[in-house]
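Down below is the structure, laid out as structure tokens.
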Number of protein chains: 2
Amino acid sequence: MSLLVVGSTAFDAIETPFGKIEKVLGGSAPFICLAAAKFTKPVRLVSVVGADFPESDLAMLADGGVDLAGLQKIADGKTMFWSGKYHTDMNSRDTLVTELNVLADFDPTIPESYNDTDYLMLGNLSPTVQRQVLERLPKRPKLVVMDTMNFWMSHTPAELAVTLKLIDVLCINDSEARELSGEYSLRKAARKIMEMGPKTLIIKKGEHGALLFQGEQLFFAPALLLEDVFDPTGAGDTFAGGFAGYLAATDDISFENMKRAIIYGSALASFSVEEFGPQRLHRLTEEELNSRVQTFVDLVQYQVPVS
Amino acid sequence: MSLLVVGSTAFDAIETPFGKIEKVLGGSAPFICLAAAKFTKPVRLVSVVGADFPESDLAMLADGGVDLAGLQKIADGKTMFWSGKYHTDMNSRDTLVTELNVLADFDPTIPESYNDTDYLMLGNLSPTVQRQVLERLPKRPKLVVMDTMNFWMSHTPAELAVTLKLIDVLCINDSEARELSGEYSLRKAARKIMEMGPKTLIIKKGEHGALLFQGEQLFFAPALLLEDVFDPTGAGDTFAGGFAGYLAATDDISFENMKRAIIYGSALASFSVEEFGPQRLHRLTEEELNSRVQTFVDLVQYQVPVS
């Protein structure tokens, strides 16, 4: 089934304990789209870039299975820029620069060819733009998945609350779940957040895996124990993109299938952290992905004789 | 098969965000013994207490399945005392007081009735005492499991290194694994630590589960997502005791059986954090334990169609 992704497209400057890069394709949209396109093609994109956005990146996205009909190019504008530096433990980072540029006035337009969209993935972006995309679609998609971050919780809580009421699945990390709910216990946090709108909640715990909540149902997906994480930027977007792409491809939104979607999202994220930018995702083969998924299966496999 | 446990026996004063207690049975030995005795009875104990140790605690341990023949009672001495306060996140704590008392000069004696010990659990204690217990047994047990902590890594690293060479399974937490190895990546840390002696390593990650390493084999056991953790004191000891007790009861030290042992240890630990002290373990029924183990099975259950 068709999947539409809205998200930011940016250039990133990143420093990690393992290396440094001055300019690499970033933002939530490229990671989400390239991850989702491993399962369903083409992935429809709504985003915005400036005149400085190179043909080579457009070609890479198109080659990776992204439909660029909804990518606005602002002739007199600059693409968003983000710069960050990771701490030694790679679990925390400092944002050094955020220049929204063309994203500041982004007014999303839905191409007519996207009108029959079945699945919608709202990548991290202003909750107002996320809501506009949903409202501008002539029919409500079968499933709306949303990613967001702590920035919107503290800066635009009212707008975020409105958008939360409209979606089906929310995908945030553990500290964001605690901030949004005011609860330290993730079980209590999940219950409160599911009362804010989304019937399903995914809490990402980075190197500690991910939790899937739906009503009283709970599933835990481990993360792989990687030798090293080179650059975690985009890992959460990749995870969300893999999740949404798998659901769209299988057209099955049962809890059981969401478990599988989370394993596939986790497997994709474990590749994306190997290099700067989304290039690793772009190169990734089906064989590599399936072999990684098997590693996830093996990691938690055991037999307990229970009565 | 028979299991011998050596460890500290203490009184604890504990403060958590949920409550406070001035004096409760603590130390590594009571938690390990009561957990292990869920699978194999009696559990042989080597430890030391002072004249102030009450009959009621002795009776509780005996009732829980602990063989007290090796518990020394020092007539003119005081039982070890520990006092600690947990931070809001319950993942870290400050030690306020440590009075070793009778544990300072502990010279472990092995009762003759313990001579045929098959499995040995070296609970957290000075690595010298741990080694003495192992060396004073007339025959080497089939499997020696050891728990230790960062205190011994920084204060008696040479003694710790000697004891590490003699054991089979080491059980430590993630920050201790990083300290002991000097590696941040747990995969690299595990490889280095397994070169120090133990062929099998368990890294406990608290609320994030536990990892089991043996050569290139790896298993990940999740932790349950508890509503609240009331008091984490003794959770690691309970886990280790459940692990060792399950192995002794089944007399199977294969990697596959160690996976099961970890799940049972994790299940026991999830009960022990519900209350101050080891009372919850003492009251725990087989039905409650089996039902909790089933929760672990369900938590990570999924089917992925892999090729």
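Only the coordinates and a few stated rules stand behind these numbers; no lab work does. Since the structure is predicted, the reported quantities are computational estimates derived from the model, not experimental observations. Counting neighbours? That spans all protein chains shown, and the Cβs are built from the backbone with ideal geometry, glycine included.
Each label was represented as a point 7 Å from its Cα along the Cα-to-Cβ direction; for B:Thr109 and A:Arg93 these points are 6.2 nm apart.
At a temperature of 10 °C and a viscosity of 1.306 mPa s, determine how fast the protein assembly as shown diffuses translationally according to Stokes-Einstein, using the Kirkwood radius over alpha-carbon pairs as Rh; express D in µm²/s, rounded to the nearest whole number. Rounded, D is 61 µm²/s. Our coupling estimate for segment B:3-11, obtained by passing each phi through the Karplus curve with A = 6.51, B = -1.76, C = 1.60 and θ = phi - 60°, is 10, 10, 10, 10, x, 7, 10, 8, 9 Hz, Gly and Pro reported as x. In this assembly of identical copies, the label point of A:Asp174 (Cα plus 7 Å along Cα-to-Cβ) is separated from its counterparts by 0.6 nm, sorted shortest first.
The Cα center of segment A:117-133 and the Cα center of segment B:63-83 differ in position by 63 Å. Distances between placed amide hydrogens fall under 5 Å for A:Ala10 paired with A:Gly26, A:Gly27, all partners being 5 or more residues away or on another chain. Take every Cα pair under 8 Å whose residues are at least 6 apart in sequence, average their separation, divide by the length of segment A:3-299, and the relative contact order is 18 percent. Projecting the Cα positions of A:Ile74, B:Ser175, B:Leu226 onto the charge dipole of the protein assembly as shown (unit charges on Cβ atoms of Lys, Arg, Asp and Glu, taken about the Cα centre) puts B:Leu226 furthest along the positive direction.
Sorted ascending by nearby beta carbons within 10 Å, beginning with the fewest, B:Thr285, A:Thr163 become B:Thr285, A:Thr163.
Rounded to the nearest 20, the Cβ-based charge dipole of the protein assembly as shown about its Cα centre (Lys and Arg +1, Asp and Glu -1) stands at 460 debye.
Evaluated with a Cβ-only charge set (Lys, Arg +1; Asp, Glu -1), segment A:3-299 carries a dipole of roughly 820 debye about its Cα centre, given to the nearest 20. With the simple model of a label 7 Å out from the Cα in the direction of the Cβ, B:Ser291 to A:Glu135 spans 4.8 nm. Close amide H contacts of A:Ser47 (hydrogens built in the peptide plane, cut-off under 5 Å, sequence separation of 5 or more or a different chain): A:Leu71, A:Gln72. Provide the percentage of antiparallel DSSP beta bridges, counting only those with both residues in segment B:158-307; round to the nearest 5. Approximately 65 percent, going by the DSSP bridge assignments. Taking 21 Å as the straight-line reach from the Cα of B:Lys73, the lysines in range (excluding those fewer than 8 positions away in the same chain) are B:Lys23.
Since only A:Phe271, A:Thr88, B:Asn290 are under comparison, the one whose Cα sits farthest along the positive direction of the charge dipole of the protein assembly as shown, derived from C-beta charges on Lys, Arg, Asp and Glu, is B:Asn290. Electrostatic tally near A:Gln214: other residues with Cβ closer than 12 Å to its Cβ, Lys and Arg +1, Asp and Glu -1, net 0. For A:Asn290, the point set 7 Å out from Cα toward Cβ sits 4.0 nm from its twins in the other copies, listed from shortest up.
Using the Karplus relation 6.51 cos²θ - 1.76 cosθ + 1.60 with θ = phi - 60°, the per-residue 3J(HN,Hα) values for segment B:142-147 come to 5, 8, 10, 9, 10, 10 Hz, with x marking Gly and Pro. Short-range pairs are left out: with C-alpha atoms under 8 Å and at least six residues apart, the relative contact order of segment A:28-102 is 29 percent. Taking a Cβ cut-off of under 9 Å around A:Gly7, the surrounding Lys, Arg, Asp and Glu residues balance to a net charge of -2, with basic ones at +1 and acidic ones at -1. Using R0 = 41 Å, the C-beta based FRET efficiency linking A:Gln72 and A:Lys188 works out to 0.50.
With only Cα atoms counted, segment A:3-299 has Rg and Dmax values of 17.5, 52 Å.
Within chain A, the longest run free of GluC sites (Glu not before Pro) that sit in a DSSP loop with at most 14 other Cβ atoms within 10 Å is A:1-194. On the basis of the beta-carbon distance and an R0 of 41 Å, B:Ala51 and B:Lys142 show a calculated FRET efficiency of 0.65. The HN-Hα couplings worked out from phi for segment A:249-265 by the Karplus form 6.51 cos²θ - 1.76 cosθ + 1.60 (θ = phi - 60°) are 5, 8, 6, 9, 9, 5, 4, 4, 6, 5, 4, 4, 4, 5, 5, 5, x Hz, whole numbers, x standing for Gly and Pro. Inter-copy label distances at B:Val97, shortest first and taken from points set 7 Å along Cα to Cβ: 5.7 nm.
In a fully extended conformation the segment linking A:Asp298 and A:Ala62 would gain 81.5 nm over its present Cα-Cα distance, using 0.36 nm per residue. Using a cut-off of 19 Å between Cα atoms, the listed pairs A:Lys38/A:Lys204; B:Lys204/B:Lys259; A:Lys205/B:Lys259; A:Lys142/A:Lys165; A:Lys204/B:Lys205; A:Lys142/A:Lys204 include A:Lys38/A:Lys204; A:Lys205/B:Lys259; A:Lys142/A:Lys204 as exceeding that distance. The stretch between A:Ala158 and A:Lys199, if pulled fully straight at 0.36 nm per residue, gains 12.8 nm over its current Cα-Cα span. For chain A, modelled as a GNM whose springs connect Cα atoms under 10 angstrom apart, the maximal fluctuation among A:Leu170, A:Leu45, A:Leu137 occurs at A:Leu137. Summing charges over all other residues whose Cβ lies under 14 Å from the Cβ of A:His87, with Lys and Arg as +1 and Asp and Glu as -1, gives -3.
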